[in-house]
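Structure first, then comments.
Values quoted throughout were computed directly from the atomic coordinates according to the rules given, and no laboratory measurement underlies them. All values derive from a computational prediction rather than experimental measurement. Methodologically, a virtual Cβ is constructed for each residue, glycine included, from the backbone with ideal geometry; neighbour enumeration extends over all protein chains shown.
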Amino acid sequence: MTDDLGAALASAEERYVRGNPRSRQRHEERRASMPGGNTRTVIHVDPFPLTIARAAGATLTDVDDHDYVDFLGEYTAGLYGHSNPIVLGAVREALADGICFGAPNEYEAGLAAAVVERFPSVDLVRFTNSGTEANLLAISLARVCTGREGILVFEGGYHGGVFFYATAAGSPINAPFPTTIGRYNDADGAARLIAEHADRLAAVVVEPLQGSAGCIPAEPAFLEALRAATAAHGVLLIFDEVMTSRLSPGGLQQATGVTPDLTTLGKYIGGGLTFGAFGGRADLMARFDPSRSDALPHAGTFNNNVLTMAAGLAGLTQVYTPAAAHALNTSGDALRERLTALGTARDLPFQATGRGSMIGLHFQRGRIRSTADLTTDAAIGAALKALLHLHCLEQGCSYGRRGFLALSLPLTAADHDRLVAAISAFLDQRRQLVLLADG
Ligand SMILES: Cc1ncc(COP(=O)(O)O)c(C=O)c1O
């Protein structure tokens with residue numbers, strides 16, 4: 001990082017510290033009982049994150065009483081916004097009748113039917129408490145059904161806290177499955193890896209748009225190659241649609257026409273409450289039918305928790321209708337084009353990637369097809385992202401510091417204009433610093 005960029009960031013951080021004394025105090029209080037004051041790595045930012053006191057619609061209010069337009073959308077789980085009356089009404093109604101039964105309840109059949117109807121690959125579904133757990137179970141099912149142990153994933157892939165492949169080495173706390181890591185959007189390379197490792201591979205696990213890696217969409221030819229190669233070698237194809245299921249009424253599997261054997265889901269499908277799910281081909285999922293003599297066990301105290309089932313059912317059937325999905329994703333495409341145009345018009349290394357309502361901001365020129373195309377010096381890129389984030393917060397817009405945005409239903413055209421104006425001003429004011437991304 002250069003002196004200029006370092007000084008600009010230090011001064012922006014100083015202003016942030018001065019402007020957010022209560023958030024700072026809360027952070028210090030948390031540090032006494034949680035490592036680094038944090039219980040979810042991604043929501044930590046330096047020097048400390050804002051503590052949110054309340055939220056309504058698309059507005060977050062922090063403990064220092066600042067309002068922000070929420071462009072993070074809880075990393076896609078907050079699709080409904082913060083006070084959707086239909087979702088909140090369903091939760092209140094369910095709450096009135098009790099929440100912990102240790103038995104099937106009145107809501108889960110409806111949510112399961114809605115999921116099966118929406119997602120082409122899902123004949124049968126099982127609920128979990130998180131997307132991580134959904135992937136753990138889908139992969140474990142694939143291992144049982146194929147009698148093989150390994151998985152193929154892609155660099156930059158994120159499938160949960162124990163399935164994180166940001167680098168070729170993967171995270172040190174990843175689940176200990178034998179893992180091969182391929183390059184995203186390299187159709188020929190992936191087909192080769194599948195053929196080479198076929199006798200050891202239970203499944204290929206792929207996000208049809210890499211979210212955590214920076215909103216990098218899969219090319220149709222890549223997904224088609226995965227489908228063909230896995231089918232040819234008896235390997236199961238798992239689409240991790242934990243984030244991407246929002247990108248069309250039936251997720252990216254519907255939008256791309258590529259149908260996996262198993263799909264994992266999560267985030268907004270629980271209405272904003274704790275949620276995960278995995279589902280797929282009836283012959284595979286039927287292994288969990290408890291009436292079978294060879295049934296696989298699938299435990300989970302809160303798998304069918306009443307509030308999630310009620311909120312998810314109301315949200316998916318009454319709020320995020322196919323028409324609402326089309327409208328939200330169309331508005332996301334328009335916003336992304338406006339953001340990318342800001343960089344292009346100024347001939348700066350800045351662009352927005354993604355698809356529909358998922359947007360990634362990058363200080364990077366050229367087409368981004370995989371994490372290998374993210375060539376900006378890591379320290380410079382991180383400093384520019386931090387500086388832009390702090391600037392946008394000052395302008396009343398909040399999103400994920402790594403440049404992650406997920407649009408929610410209550411965002412308005414005026415909200416989009418506000419973000420575009422904030423980033424436009426940043427690119428003008430910080431032009432020389434942004435050019436450092438060119439190296
Ligand atoms: C693609 C993908 N898969 C799985 C997960 C894990 O979901 P959860 O955080 O609910 O465990 C995430 C979370 O961000 C995700 O983005």
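Using only the alpha carbon atoms of region 270-355, find the Kirkwood hydrodynamic radius as the inverse mean reciprocal pair distance, in angstroms to one decimal. Don't skip to the end; give the middle numbers.
Values: mean 1/r = 0.0588 Å⁻¹.
Kirkwood radius, region 270-355: 17.0 Å.
Could you compute the FRET efficiency for GLU14 and GLU337, with r as their C-beta to C-beta distance and R0 at 60 Å, rounded to 0.05? The partial results should precede the final answer.
Numbers: r = 35 Å, r/R0 = 0.58.
Using R0 = 60 Å, I get an efficiency of 0.95.
Say R0 is 51 Å: what FRET efficiency, to the nearest 0.05, do ASP4 and SER293 get from their beta-carbon distance? Before the final figure, lay out the partial values.
On the way: r = 70 Å, r/R0 = 1.37.
According to the calculation, E is roughly 0.15.
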Spelling out what I want: for every residue of region 270-276, take phi, set θ = phi - 60°, compute 6.51 cos²θ - 1.76 cosθ + 1.60 (Karplus), and round to whole Hz; glycine and proline get x.
x, x, x, 9, 3, 7, x
Given the -39500 (n - 2.57) contribution per DSSP H run of 4+ residues, what per-residue ellipticity at 222 nm results for the chain, rounded to the nearest 500 deg cm²/dmol?
-12500 deg cm²/dmol
Computed on alpha carbon atoms, what radius of gyration and Dmax characterise region 171-264, expressed in Å?
12.8, 36
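Taking every pair of distinct Cα atoms and averaging 1/r, then inverting, what Kirkwood hydrodynamic radius in Å comes out for region 85-319?
Taking every pair of different Cα atoms in region 85-319, averaging 1/r and inverting gives 17.9 Å.
Within a Cβ distance under 15 Å of ALA228, other residues only, what is the Lys/Arg minus Asp/Glu net charge?
Every neighbour counted, the sum reads -3.
Can you give me the orientation-averaged projected area of the convex hull built on the Cα atoms of the chain, in nm²?
Working: hull surface 84.0 nm².
Mean orientational projected area (the chain, Cα hull): 21.0 nm².
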Using only the Cα atoms of region 34-179, what semi-axes does the equivalent ellipsoid have when each is the square root of 5 times a gyration tensor eigenvalue? Give whole Å, largest first.
31, 27, 14
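Express in % the proportion of alpha carbon pairs of region 83-130 at distances exceeding 17 Å.
On the way: 568 of 1128 pairs.
Summing the P(r) of region 83-130 above 17 Å gives 50 percent of all pairs.
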May I ask for the net charge around GLY37, where only other residues with Cβ less than 10 Å from the Cβ of GLY37 are counted and Lys, Arg are +1 while Asp, Glu are -1?
+1
Please report, in debye to the nearest 20, how large the charge dipole of the chain is about its Cα centre when each Lys and Arg carries +1 at its beta carbon and each Asp and Glu carries -1 there.
200
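Counting only C-alpha contacts under 8 Å and six or more residues apart, can you give the relative contact order of region 307-417 as a whole percent? Kindly include the intermediate steps, with their values, before the conclusion.
Working: 106 pairs, mean separation 23.2, N = 111.
Normalised by residue count, the contact order of region 307-417 is 21 percent.
Please compute the contact order of the chain in relative form: average sequence separation of alpha-carbon pairs under 8 Å and at least six residues apart, divided by the residue count, as a percent. If you can, show how the numbers build up before the last one.
Values: 849 pairs, mean separation 92.3, N = 439.
With pairs under 8 Å counted, the relative contact order is 21 percent.
Given 4 °C and 1.567 mPa s, how large is the Stokes-Einstein diffusion coefficient of region 329-409 in µm²/s, with Rh as the Kirkwood radius over Cα pairs?
Working: Rh = 13.1 Å.
It comes out at roughly 99 µm²/s.
Please report the relative contact order for region 192-311, taking Cα pairs under 8 Å with a sequence separation of at least 6, and give it as a percent rounded to a whole number. Before the final figure, lay out the partial values.
Values: 156 pairs, mean separation 22.2, N = 120.
Relative CO of region 192-311 lands at 18 percent.
Between MET34 and CYS100, what's the calculated FRET efficiency when r is the beta-carbon distance and R0 is 22 Å? Round to 0.05. List each step's numbers first, then the result.
Values: r = 26 Å, r/R0 = 1.19.
My answer for the efficiency is 0.25.
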